[in-house]
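Data block below; observations after.
The values are calculated or read from the model by the stated rules, or taken from the named source; none is laboratory data. Only a predicted model underlies this, so the values are computations on that prediction, with no experimental measurement involved. Here the Cβ positions follow ideal geometry from the backbone for every residue, glycine too, while neighbour counts run over all protein chains shown. Calculation scope for accessible area: heavy atoms of the full protein, side chains included, ligands and nucleic acids excluded. Shrake-Rupley method; radii C 1.70, N 1.55, O 1.52, S 1.80 Å.
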Amino acid sequence: MASTLRSSAARRILAATKPTSAIRLLPQTRVAAFHASQKHQILPPGPQVVHGTVNDPVPVPIANATHGSYHWAFERIIALGMIPLTVAPFAAGSANPALDAALGTALVLHSHIGFDACVTDYFPKRQYPRTRTFMIWLLRASTITAAVGLFSIQTNDVGLTEGIKRFWRA
Amino acid sequence: MKSYASYPSLFDSSRFFLSAPSTSTSKLHYNQPLQSQTGYRSRSNISAMLSTRVLSRSLLRSARPKSTTFFTPRRMLTTESIPASSADSILAAQRLVRPVSPHLTIYQPQLTWYLSMTTRITGVALSGVFYLYAIGYVLVSPFGVDMSVANASKKWGEFNGAVKAAVKAPLAACFSFHFWNGIRHLVWDTGRELTVRGVYRTGYGVLGLTALSTLGLLVV
């Protein structure tokens, strides 16, 4: 591009004659905003983190089924199992306690995996290591508390399926 | 001319000389603040550019050392010594002022990614309601609030019919969609319907089934 090839002297003269842009200059680091394109941002940029140099090789983990393959299969087994467990109460009109317990357990696990995927996606470890750790532990605590609540509903109260039915027909 | 792509890559290349493996490196900056040099081209018209070019050429010619005995070329640059360790913080600060790449809003709404996104949203909504009630059941009950299904559903039943419908309809839609699209995903996981045709066919199928079962849930 021609403008990048021009002499610094010409730039300086131009800069002196043109009004300075209102782009904010960071005070400490003397970094200028070089970008003239319009901003179309939904969220502000997150913290910018630099690890190593651009010439570092990408770390490739050793392939292991425990890094995701088992998790993937487990996820699918739960989701698949939830189909009949969800349909059965509709078909039968009520759920027996064993089926209700199975549905409740699957529901808690399925919800936990789903929320966990959201934390993984929206709080990247590289940019938000602390928030991510906090969210992971918040989710774990929530899941355990929800599981305790569900256990209580199933043992001392009317149960999950019956509970939903009562709310729905209230 | 609002944007040109060479700027980010050009100035991000500061990374290379800033991270040179020396104990100290120097940062180049012109006597004028850099920000005043940006965007001048967008404001200049052709005649200004031409005159600039002529001006710069004449300046370059005059700056050429014809005879070093009485004319010493003066460099219009100053350098500042900074530690190599500050390279990353300068780069990070520079990246903060880059424009964020446009996303979501610039893509054409398509059945593919809209249904994918909706699956997550509906799942989070349903599980969110479930978690809120179950956690409340544990945490609020000790403070004397009766969270039992019998009591809570009775309180809920006292609401206006329109309010109940306004809450139940989205819940029914969320449940229906998540259920049917979940099955669609499980079908994909077996390797079936993984073509553009298959994705659209199953997608419209899911939408149809969702509409039907939402209505069904609202009348039961």
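Some points to look at:
- Criterion: over 30 Å from B:LEU217 (Cα atoms) and touching a residue at least 40 places away in the same chain (Cβ under 8 Å) - qualifying residue of A:TYR128, A:TYR122: A:TYR128
- Scanning region A:153-167 for residues that are open to solvent by 30 Å² or more (accessible area, probe 1.4 Å) and within 7 Å of another protein chain (Cβ to nearest Cβ) gives A:ASP157, A:VAL158, A:ARG166, A:PHE167.
- Region B:195-206: number of residues that are open to solvent by 50 Å² or more (accessible area, probe 1.4 Å) and either outside any helix (DSSP H, G or I) or touching a residue at least 24 places away in the same chain (Cβ under 8 Å) (or both): 3
- Pick from region B:174-194, criterion away from every other protein chain (no Cβ under 12 Å) and over 28 Å from the mean Cα position of the chain (by Cα), ranking: most open to solvent (accessible area, probe 1.4 Å): B:ARG192
- Residue list for region B:143-194, filter: over 30 Å from A:GLU75 (Cβ atoms) and not hydrophobic (A, V, I, L, M, F, W, C): B:GLY144, B:ASP146, B:SER148, B:ASN151, B:SER153, B:LYS154, B:LYS155, B:GLY157, B:GLU158, B:ASN160, B:GLY161, B:LYS164
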